[in-house]
Amino acid sequence: MNFCSSCGNPLLETVPRNDDRRRHVFSGYGTVHYQNPKIVTGCLPVWDNLVLLCRRAIEPMRTGTIAPHGDGYRFDAGPDDQLKAP
């Protein structure tokens, strides 16, 4: 990837802030261009007017909070072809 898909300016390959991998970044406004993005699912569970959030245990942003989610690699198709958590 050589150029920003939004404005066409050249990209730099660098490690963005709060990340641990080299990525293609447009330094003009800090947009990170991820290669081969994966499909991610998420939910926002609410109980008694409270929202459930999870505390991250891995980098990037270890100990930050995030809504429960998963990517396609962490789900298995069941016997009825429905997705389920492992």
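The values are calculated or read from the model by the stated rules, or taken from the named source; none is laboratory data. Quick caveat, the model's predicted, so the values are computed rather than measured. Cβ sites come from the backbone with ideal geometry, for glycine too, and all protein chains shown count toward neighbours.
Structure above, values below:
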item	result
Residues satisfying the stated conditions in region 19-38, i.e. at pLDDT below 85, surrounded by 10 or more Cβ atoms within 10 Å (Cβ to Cβ) and of a type in the set (S, T, N, Q)	Ser27
Tabulated pairs, region 4-31, first assigned by TED's automatic domain parsing to the domain that holds Gly64 and assigned to a loop (DSSP other than H, G, I, E, B), second of a type in the set (A, V, I, L, M) and exposed (fewer than 11 other Cβ atoms within 10 Å of the Cβ), C-beta under 7 angstrom, 6+ apart or interchain	none
Candidate set from region 42-62 (those that are outside any loop (DSSP other than H, G, I, E, B) and of a type outside the set (Lys, Arg)); member that is surrounded by the most Cβ atoms within 10 Å (Cβ to Cβ)	Cys54
